[in-house]
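Here's the structure we're looking at; comments come further down.
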Amino acid sequence: MRKPSRDARSRRQYLAALGGIGATVLAGCRGESGTQTASPEPTPTATTATGPTRALDRYDVSLNHERRQSPDTDWTAPTTSPTDTSLATDPLIEDLEIPWDLSFAADGTLFLTERVGRVLSFVDGSARTVTEPAAVIDAESSDDGWWVTGGEGGTLGVAAHPTYPDPPVVYVYYTTMTGDDERANRVVAMDVSAEDPAATESVLVDNIPGSKIHNGGRLTFGPEKYLWITTGDAGDGELAADTDSLGGKVLRVTPAGDPAPGNPDVGGDPRVFTYGHRNPQGLAWLPDGTVIASEHGPTGRDELNRLVAGGDYGWPDTREHAEYLDADPEVRRPLANTGNAGGWAPSGSLFYTGDAVPSLRNRLLTGGLKGQKLLVTTLTPAGADLPPGDDAEVYDADWTDDAYTATTHSLLSDELGRIRHIEQGPDGGLYLITSNRDGRAGDGFPRERDDVLVRVTPAE
């Protein structure tokens, strides 16, 4: 199995506490060779005459799909500016190979993907490579960046089963090659307690359209413990409007990969929750259960959208501001659209509910790739007071979704480079990863230490 590395640069990583549940402490450390400290020996999976048992054959991954907690319909949007408090970033791990996603499991284990073909775990003061899926596209990172051969694909989303480690199942989204020598994406489940997790792979969703661009890739479990999946249009906008295609969609499935009960009837694939997306990258839930998606647009025109079951989000026919006014009434309007003048290239999103960074509580946090910043969006219900907007973009035009007014501030501009994803830890802390070695970083990046996992805290 390939293991790309930057041999000319040292592999330096910091050992640092990530904060877990109870006494659990998470940390990561690699030596100069790129190998990782050993973790306790995994429990071998059951085997058959033909090899390890597939994860979904060995474990019952079904769940009680009631909400984890009652929706909070009384939450309030902040009326202060998030820029009133400065942020500090503490590097926990350096020299990662183009990380893409983070997932904290219920027991505090942190799972992390690297686009070059690895899934890592960090737990109890040690770090290890969990698996290197054999079918991931065969590409390499280089001084020219991942984009040269890997494009926007690779090992992308990761999500631990909601009751991990019982069962010890982790879900992964990756790009592969088909028999026709074309790219496609798939979602798999693996038994990470196995000696060889990749050999236990169960395919949940296959043949998601893939390309060098617009592969989607986010995986996350929602409040009702269904698995949500974002897919891109693979550069073919017509796929997004085709409800029989899996391209340009947000999917919702059970942990076993079946259509989630209660999915809307869109007249096509029953796994589709919403359609008409170009390249959705982030999913986050407001306390009342409202789903917000971040999405890449063409030449700017990036969007934040409130997802409504069965909703059509307009791509490829609708993306200009004025087009939303003239569009079919069934086309959903965005909460925000950056227009032609610029863009964010928004990536992973989180609605922050922790107390570790009070100034960001009850705000939508989104990684900014093109802008090399953290996007902080306050979503204010109609009629409520807005935060100060002098240093922000306020989206309250007649072409926007009038359920909320989106006020977006920028933090950490050009401090870390391209921010790929931000996640809330079980301790309420904030953790984010960069994507500066993918060949698309702006001036000043990548730096010698890139890529990094950092913890975000209020500056002293």
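The values are calculated or read from the model by the stated rules, or taken from the named source; none is laboratory data. All of these numbers come straight from a predicted model, not from anything done at the bench. Cβ: placed from backbone, ideal geometry, glycine included. Neighbour counts: every protein chain shown. Note: accessible area is taken over every heavy atom of the protein model, side chains too, but ligands, DNA and RNA are not part of it. Shrake-Rupley method; radii C 1.70, N 1.55, O 1.52, S 1.80 Å.
Around residue 431, with a cut-off of 13 angstrom between Cβ atoms, what is the net charge of the other residues, counting Lys and Arg +1 and Asp and Glu -1? Net of charged neighbours comes to -2.
I'd like the carbon and sulfur percentage of the solvent accessible area for the stretch 374-460, probe radius 1.4 Å, heavy atoms only, ligands and nucleic acids excluded. Whole-percent figure for carbon plus sulfur exposure: 40. Set against the labelled values [x] 31, 26, 22; [y] 37, 24, 21; [z] 35, 31, 22, semi-axes √(5λ) of the Cα gyration tensor in Å computed from this structure falls on [x].
Restricting attention to the stretch 311-453, close to 95% of DSSP beta bridges with both partner residues there are antiparallel. Put simply, the C-alpha atoms of the stretch 230-318 give a gyration tensor, and the ellipsoid matching it has half-axes of 20, 16, 10 Å, longest first. For the stretch 99-158, the relative contact order comes to 34 percent (Cα pairs under 8 Å, sequence separation of at least 6). Relative protection proxy for 151-161, 348-358, from highest mean packing down: 151-161, 348-358 (other beta-carbon atoms within 10 angstrom).
Would you work out if the stretch 340-413 is rounded, prolate or oblate? Take a ≥ b ≥ c from the square roots of the eigenvalues of the alpha-carbon gyration tensor; rounded if a/c is under 1.5, else prolate when a/b is larger than b/c, oblate otherwise. It comes out oblate by the Cα gyration axes. Electrostatic tally near residue 156: other residues with Cβ closer than 11 Å to its Cβ, Lys and Arg +1, Asp and Glu -1, net +1.
Relative to one another, the C-alpha centroids of the stretch 328-376 and the stretch 212-266 are positioned 20 Å apart.
Here the extension length gained between residue 148 and residue 390 equals 83.1 nm, from 0.36 nm per residue of separation less the Cα-Cα distance. Accessible area per residue for the chain, computed on protein heavy atoms with a 1.4 Å probe, is 37 Å².
What is the stretch 87-173 by shape, rounded, prolate or oblate, if you read a ≥ b ≥ c off the alpha carbon gyration tensor as root eigenvalues and call it rounded for a/c under 1.5, prolate for a/b larger than b/c, and oblate otherwise? Oblate. The residues packed around residue 268, meaning those with a beta-carbon under 12 Å from its beta-carbon, carry a net charge of -3 if Lys and Arg are +1 and Asp and Glu are -1. Modelled spin labels at residue 236 and residue 63, positioned 7 Å past Cα toward Cβ, are 3.3 nm from each other.
Extension gain for residue 325 to residue 85 (0.36 nm times residue separation, less C-alpha to C-alpha distance): 82.6 nm. What a 1.4 Å probe finds exposed on the stretch 189-233 is 41% carbon and sulfur by accessible area, rounded to a whole percent.
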